[in-house]
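**Q** Sending over a structure as structure tokens; questions will come in a sec.
The values are calculated or read from the model by the stated rules, or taken from the named source; none is laboratory data. Computed from a prediction, not measured in an experiment: that's the story for all the values here. Counting neighbours? That spans all protein chains shown, and the Cβs are built from the backbone with ideal geometry, glycine included. Accessible surface is based on the protein model in full, side chains and every heavy atom, while ligands, DNA and RNA are left aside. Shrake-Rupley method; radii C 1.70, N 1.55, O 1.52, S 1.80 Å.
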Amino acid sequence: MGVNQHYLYEARQMQALSLTVHIPLVCFGIAFPVLVLFAEYRYLRTGDPVYRTLAQRWSRIMLALFAVGVVTGTILSFELGLLWPVWMQDFGNVFGLGFTLEGFSFFVEAIFVGIYAYGWDRLRPWAHFWCGIPIAIAGVTGSFFVLSVNGWMNHPTGFTLVDGRATDVHPWLALFDNPMFWSEYTHMYFAAYIVCGFLMAAVYAWAFLHGRRGRYERVAFGISMSAASVAAPLQVIVGDWAARDVAVYQPVKLAAMEGLASTTRGAAEHLLGWYNGHAVVWGIEVPRLLSILAFHNPNAVVQGLSIVPLADQPPVNVVRFAFQTMVGIGTLLALIGLVYLFLRFRRRDSLPRWLLYGIVAAGPLSVVALIAGWITTEVGRQPWIVYDVMRVDAAVTGASDIPIGYGTLSVVYLILAVIVFFILRRLARVPLPPDLDLLATGALMGDG
């Protein structure tokens, strides 16, 4: 039974704000160490100082973003307990294992990111490289364990519910033998490379447009853009897998994503449009496409919103808009990636300006798609914090000072954003070694 909370909306928005700030940093935690290590590996194999300079400069960015992620992640973890104490009390024995294992990953990452960032001239080259491997592993495992909790929230298993509380708990089964988890994690994993790759590539594409086309910029752009260009088309396949899991295990969320009011055989897909409470209006209807996408069968039955009471339905237009934004941007990013890969293999000298402008836009658009995807996942589960088991209004705190915390947190994040901007700007303005291109030429010719 829910508490008498007048600030449920503010509590949800406070949590959403922290997730919006933290999730892009998670992408860099997953993908960026791999790009840094790839650059260093290329240096160790070729002796080309451009790769060493790139890896060293990127490692400073990695350290800065890790520090910011510590701040936002700590705030986020405190919010889970302060804003949703009933959820923690009743189900913490199920999902607590995931957060515990994530804590171990965090400490491993914290230790080795310090060693890596400050060990460039203190460790032997290959020893330094191997000190970076735990960072990449911890970035993957940390997100793995946290997303296992979210997968469980979307498909709760591994316990018996007695008087509203979880008993007979099997946390390993609940978190890692969960049909919603694997597609969700894989989707997020590719999203990490898309966001990290396009954001980094956008910086160097902007440099190209302003005449800075040195070898350092070309190498940095090539590594970043290649990662994003491979991940973006593959994400289309993974997205199809994730959507079919939603169709099977969360039919109400799928109905909200598509604005499907009633259960329909051979359901049509509506592009754009507005859900008026009964149907999608002003949209472009594609017959049977929803059944094909959801079940790979044009005659498949797709369940509608009417299978649950109105009070158990999510806000349809919010979910639809977020989902179509994610799909639309994701499709655009996949096309940009494919065009880049095609031109890279056919024309290695330069890229057309229109594509460079597209890559500059792809950076921030990838973050928009990332946030839209998480809005689809989390808002589409409403009104449940644990799907079909516990409602959000039953999990929220009864505290009365939530608006004060919300306002304070907004100011804190604004200050943090300004600090991060100036840190990254200062790191970007550190001059390159004046003889870098000459040294690179010598190394490639066997003289360095």
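**Q** With springs connecting C-alpha atoms under 10 Å apart, model the chain as a Gaussian network and identify which of VAL248, VAL230, VAL162 has the largest mean-square fluctuation.
**A** VAL162
**Q** May I pose another question? Return one whole number: the accessible area per residue of the chain in Å², for a 1.4 Å probe. Please list the in-between numbers first.
**A** Values: 21320 Å² over 448 residues.
Averaged over the residues of the chain, the accessible area is 48 Å².
**Q** Please report, as a whole percent, how much of the solvent-accessible surface of segment 164-309 comes from carbon and sulfur atoms (probe radius 1.4 Å). Walk me through the numbers before you get to the answer.
**A** On the way: 4140 of 6400 Å².
That fraction is 65 percent.
**Q** Let a ≥ b ≥ c be the square roots of the eigenvalues of the Cα gyration tensor of segment 255-321; is it rounded (a/c under 1.5), or, if not, prolate (a/b larger than b/c) or oblate? Mind showing how you got there, number by number?
**A** Values: a/c = 2.07, a/b = 1.26, b/c = 1.64.
It comes out oblate by the Cα gyration axes.
**Q** Within segment 83-151, what whole-number % of the accessible surface is contributed by carbon and sulfur, with the 1.4 Å probe and all protein chains included in the calculation?
**A** Carbon and sulfur together cover 73 percent of it.
**Q** With a ≥ b ≥ c taken as the square roots of the eigenvalues of the C-alpha gyration tensor of segment 90-242, please select rounded if a/c is under 1.5 and otherwise prolate if a/b is larger than b/c or oblate if it is not? Could you put the intermediate results ahead of the total?
**A** Working: a/c = 3.65, a/b = 1.70, b/c = 2.14.
In terms of gyration-tensor shape, oblate.
**Q** In deg cm²/dmol and to the nearest 500, what is the mean residue ellipticity at 222 nm of the chain if only DSSP H runs of at least 4 residues count, each as -39500 (n - 2.57), divided by the residue total?
**A** On the way: 14 runs with 321 residues, N = 448.
That calculation yields -25000 deg cm²/dmol at 222 nm.
**Q** Test of the criteria: in segment 158-236, which trypsin sites (Lys or Arg not before Pro) are in a DSSP loop and have at most 13 other Cβ atoms within 10 angstrom of their Cβ?
**A** The qualifying sites are ARG212.
**Q** Using only alpha carbon positions, build the gyration tensor of the chain, then give the equivalent ellipsoid semi-axes as the square roots of 5 times its eigenvalues, largest first, whole angstrom.
**A** Working: eigenvalues 330, 150, 74 Å².
Taking √(5λ) for each eigenvalue gives 41, 27, 19 Å, largest first.
**Q** Helix 402-428 versus the longest principal axis of the chain: what angle, 0 to 90°, nearest 10, using Cα atoms?
**A** 20 degrees
**Q** If we count every other residue with Cβ under 15 angstrom of ILE292's Cβ, Lys/Arg +1 and Asp/Glu -1, where does the sum land? Write down the numbers at each step before the final one.
**A** Details: positive: ARG244, ARG265, ARG288; negative: ASP240, GLU258, GLU269, GLU285.
Counting the neighbours of ILE292, the net charge comes to -1.
**Q** At 7 Å along Cα-to-Cβ for each site, give me the label-to-label distance between ALA417 and ARG213 in nm.
**A** Using points 7 Å along Cα→Cβ, the separation is 3.5 nm.
**Q** Using only Cα atoms and rounding to the nearest 10 degrees, what angle (0 to 90) does helix 125-154 make with the longest principal axis of the chain?
**A** Approximately 10 degrees, to the nearest ten.
**Q** On a full-extension model of 0.36 nm per residue, what is the gain between ARG425 and PHE107, subtracting their alpha-carbon distance, rounded to one decimal in nm?
**A** 111.7 nm
**Q** In degrees, nearest 10, range 0 to 90: what is the angle between the Cα axis of helix 215-249 and the longest Cα principal axis of the chain?
**A** 20 degrees
**Q** Where the centroid of each part is defined by its Cα atoms, how far is segment 370-384 from segment 92-116 in Å?
**A** 25 Å
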